[in-house]
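The values are calculated or read from the model by the stated rules, or taken from the named source; none is laboratory data. A quick note: this is a predicted structure, and the numbers were derived from the prediction, not measured. Here the Cβ positions follow ideal geometry from the backbone for every residue, glycine too, while neighbour counts run over all protein chains shown.
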Amino acid sequence: MKEYNILTSRFGRSDGHKLAVYEQEGGYQALRRVLGQGDPAAVRETVKEAGLRGRGGAGFPTGVKWGFVPQGAEEVYFFVNADESEPGTFKDRLLLDYDPHQTLEGTIISCFAVQAKLAFIYIRGEFGWLIDRVQAAVDEAYAAGYLGKNILGSGFDLEVIVHKGAGAYICGEETGLINSVEGRKGQPSIKPPFPAVAGFLGKPTIVNNVESVASVPWIINNGPQAYRAVGTEKSPGTKLFSVSGPVKKPGVYEIPLGLPFREFFNDWLGGMVEGEQLKAVIVGGSSVPVLPAAEVMNVNLDYESLQQAGTMLGSGGMIVIPESCDMVELIQVLMHFYYDESCGQCTPCREGTGWLHRIVKKLRRGEGTAEDLDLLAYVCNGMAGLTICPLADAAVMPMRSFLGKFRPEFEALIRETAVAGPQTRWPRGEQE
Amino acid sequence: MPMNKPVSADQNPQPSAAVAAQIDALVARYPNPASALMPSIWAIMDELGFVSPAGVDLLTQKLEVTRARVQEVLTFYTMFRSEPQAQYVLQVCHNISCHIMGARTLIAHLEKRLGIRLGETTPDGKFALEGVECLGACGMGPCLQLGKHLYEHLTCDRVDELLESLRRGEVPRADTERELEA
Ligand SMILES: Cc1cc2nc3c(=O)[nH]c(=O)nc-3n(C[C@H](O)[C@H](O)[C@H](O)COP(=O)(O)O)c2cc1C
Ligand code: SF4
Ligand code: FES
């Protein structure tokens, strides 16, 4: 088990947040180099060559996205997406907590690459303490001349605003995020136009996840080949996985992409806690299809392998489910979430998430029939791919996979309750 | 969210001049006035614990936005409040990872201790109990948020200790507060 610390070298330290420490360890050298060379296109090319793929969920190549900003655009905006609301995900929080300057340096370099003069770091409102930490780092960076006018004498100007969210999962979606900063409801917009062409205030805007941005300084310092030396051909580099559930060692891990799940689970996570057996794993955040234990044990943790296995790498929010968990109960929790967080613009999503939630609740009340399972599948078909943003798909993927992979549990519940009659299934406090 | 402030009996407090000045500074900082709406709402929330009708008036004046736009934003985001809140709003994550790690038991325990159901406020206005979605502490669950304070790895015993402290008016150190070198 080799340790990787492209992103996590200062994790766990009590001084890693300080500018002086970051500088001592080579921080802001990448920025100096980039500004010294003064060639934004070269930065874009380097990141493209490194093959860095967006860590926010979709895995789109970062350098390629940057290339979509129209050449010579006057006003360009950059957003660092620290909304981190995908259930199971808690990695960006650690990046910003232990090492805010790494993300900040990445932000400044990224802004130079796309010639943005104003960047927002959008942090979910629940991370109150983190907002203070990042703001403190931003203040330090201004004082040291890494932000503001004429950065390091290069003629490049950049302002950074730390923007606090206020509790809405959908603001993590990039157009929702942009609308939110414009002072509106955080409802996604129809694409195209893509934000890279027309985003914030109608101007070209790049939205990148914290982890994507945080990877940039290392790539500049060590070169694309060194980055490609880690990971697989199509999934280069390392990825943070945040692991929750009853494993011996939950937490955030930096692993080389392509690592076999079996190895990660046994050697890194230490397996399940005493008394629990592995039942299933959701590898990439609550929105991706679940894999039963027998299947997950054979996958490698990279974009292609997971896609082949019928799921997605997503945000790397890995949720480990023990044998002792009732899958119908878990899907009720998830359907409640998507129903709650649907922004309501698209009928298939607004109505569909409501139907899914209500049908699952009906099953759990003990009033389900076999037709309800067909109805769940039918509602899913009426949602997938038919909406403005992928939130509807994000609800459909777990629903379909729970139903597909754990159908006997749904059927058993219907059989049992047909005999036993309706009952309340939460300990107390029915979840509405 | 108000931390150590008693529930305001006043349903329509006026944001202070300091908050008004803060909003002016935000408007100057953001590229257009409307984009300063969320931080301006936060400025009012931080002082009053909610956005009063007088607060809405202030926002419409300073940001050149309609009342409808302010209301729309206030109601869309779950953290923004338009009414006075309980002194301590306990928000327990009931999403998947915390659920697996026992959030339900924790909620049941809190309901019993506080004598209220999820979604209710104690009659003295001191505690409210809410279920919220993932708080980004999934590996440290079950967890609970109280204003800026996040409490992780919770057990029924730890929750009892937390309630004890709050009844004494002390907000315990959050689990997110690490020992930091200055
Ligand atoms: C419903 C929904 C929620 C999302 N939440 C987040 C989030 O919390 N953080 C994030 O970085 N990306 C999130 N995304 C993905 C963003 O839309 C966007 O693809 C990403 O921020 C781009 O950054 P990247 O290219 O660096 O991955 C979400 C997408 C959807 C559809
Ligand atoms: S799919 Fe759902 S969340 Fe996305 S825009 Fe449509 S209604 Fe809103
Ligand atoms: S599921 Fe509870 S914090 Fe993420």
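Hey, can you tell me all the residues within region A:343-368 that are under 23 Å from the mean Cα position of the chain (by Cα) and either buried (at least 22 other Cβ atoms within 10 Å of the Cβ) or over 16 Å from residue A:187 (Cβ atoms) (or both)? Matches in region A:343-368: A:343, A:349, A:353.
Are there any helices (runs of 4 or more DSSP H) wholly within region A:93-194 with 1 or more residues that are touching a residue at least 12 places away in the same chain (Cβ under 8 Å), touching a strand residue (DSSP E or B) at 6+ places or on another chain (Cβ under 7 Å) and within 14 Å of another protein chain (Cβ to nearest Cβ), and if so which? In region A:93-194, the matching helices (runs of 4 or more DSSP H) lie at A:128-143, A:174-181. If the condition is being touching a residue at least 40 places away in the same chain (Cβ under 8 Å) and more than 24 Å from residue B:75 (Cβ to Cβ), then region A:374-392 contributes A:386, A:390.
In the set B:62, B:5, which member is of a type in the set (Lys, Arg), at pLDDT 95 or above and more than 19 Å from residue A:185 (Cβ to Cβ)? The unique qualifying residue is B:62. Filtered by the rule that a residue be part of a helix (DSSP H, G or I) and either within 16 Å of ligand 1 (Cβ to nearest atom) or more than 25 Å from the chain's Cα centre (by Cα) (or both), region A:31-45 gives A:31, A:32, A:33, A:34, A:35, A:36, A:37, A:40, A:41, A:42, A:43, A:44.
Given the residues A:290, A:273, A:210, which is the only one that is within 14 Å of another protein chain (Cβ to nearest Cβ), β-branched (Val, Ile, Thr) and within 16 Å of ligand 3 (Cβ to nearest atom)?
After ruling out the rest, the residue left standing is A:290.
With respect to the stated conditions, residue A:275 fails to be surrounded by fewer than 21 Cβ atoms within 10 Å (Cβ to Cβ), in contact with a Leu (Cβ under 9 Å, 6 or more places away or on another chain) and assigned by TED's automatic domain parsing to the domain that holds residue A:304.
Test residue A:61 against the stated conditions and say whether it is of a type outside the set (Val, Ile, Thr), free of Cβ contacts under 8 Å to residues at least 40 places away in the same chain and touching a strand residue (DSSP E or B) at 6+ places or on another chain (Cβ under 9 Å).
yes
Does residue A:278 satisfy being touching a residue at least 24 places away in the same chain (Cβ under 8 Å) and within 14 Å of chain B (Cβ to nearest Cβ)? Taking the combined requirement at face value, the residue satisfies it. Consider region A:68-92 and keep the residues that are over 21 Å from residue A:178 (Cβ atoms) and more than 12 Å from ligand 1 (Cβ to nearest atom). The one that is farthest from the other protein chains (Cβ to nearest Cβ) is A:71.
Restricted to helices (runs of 4 or more DSSP H) entirely inside region A:297-413, those with at least 2 residues that are more than 14 Å from chain B (Cβ to nearest Cβ), within 30 Å of residue A:256 (Cβ to Cβ) and of a type in the set (D, E, K, R) are A:391-405.
For region B:59-76, what are the residues that are touching a residue at least 24 places away in the same chain (Cβ under 8 Å) and either touching a helix residue (DSSP H, G or I) at 6+ places or on another chain (Cβ under 6 Å) or within 9 Å of chain A (Cβ to nearest Cβ) (or both)?
Correct list: B:59, B:62, B:63, B:64, B:65, B:69, B:70, B:73.
Here residue A:214 clears all of (1) touching a Cys at 6+ places or on another chain (Cβ under 7 Å); (2) within 12 Å of ligand 1 (Cβ to nearest atom) except the condition numbered (1). Within region A:52-83, the residues that satisfy the criterion of being assigned to a loop (DSSP other than H, G, I, E, B) and either aliphatic (A, V, I, L, M) or over 18 Å from the mean Cα position of the chain (by Cα) (or both) are A:52, A:58, A:67, A:68, A:69, A:70, A:71, A:72, A:73, A:74, A:75, A:76.
Applying a threshold of 7 Å to beta carbon distances and a minimum spacing of six or more residues, or different chains, the list of pairs starting in region A:335-354 at a residue that is on the phi > 0 side of the Ramachandran plot and away from ligand 3 (no atom under 16 Å from the Cβ) and ending at one that is in a helix (DSSP H, G or I) and at pLDDT 95 or above reads A:344/A:350. Only residues that are of a type outside the set (Asp, Glu), within 21 Å of residue A:231 (Cβ to Cβ) and surrounded by fewer than 14 Cβ atoms within 10 Å (Cβ to Cβ): list them for region A:1-51, please. Those that are of a type outside the set (Asp, Glu), within 21 Å of residue A:231 (Cβ to Cβ) and surrounded by fewer than 14 Cβ atoms within 10 Å (Cβ to Cβ): A:1, A:2, A:5. Exactly one residue among A:131, A:109 is within 16 Å of ligand 1 (Cβ to nearest atom), of a type outside the set (D, E, K, R), assigned by TED's automatic domain parsing to the domain that holds residue A:198 and over 22 Å from residue B:177 (Cβ atoms), and that residue is A:109. Taken as a whole, the condition of being away from ligand 1 (no atom under 16 Å from the Cβ), at pLDDT below 95 and basic (Lys, Arg) does not apply to residue B:126. Sub-7 Å Cβ pairs linking a first residue in region B:132-159 that is crowded, with 24+ Cβ neighbours inside 10 Å to a second residue that is among the aromatic types (Phe, Trp, Tyr) and in a loop (DSSP other than H, G, I, E, B), at least 6 apart or interchain, are B:136/A:90; B:136/A:127; B:137/A:90; B:138/A:90; B:139/A:90, ordered by first then second residue.
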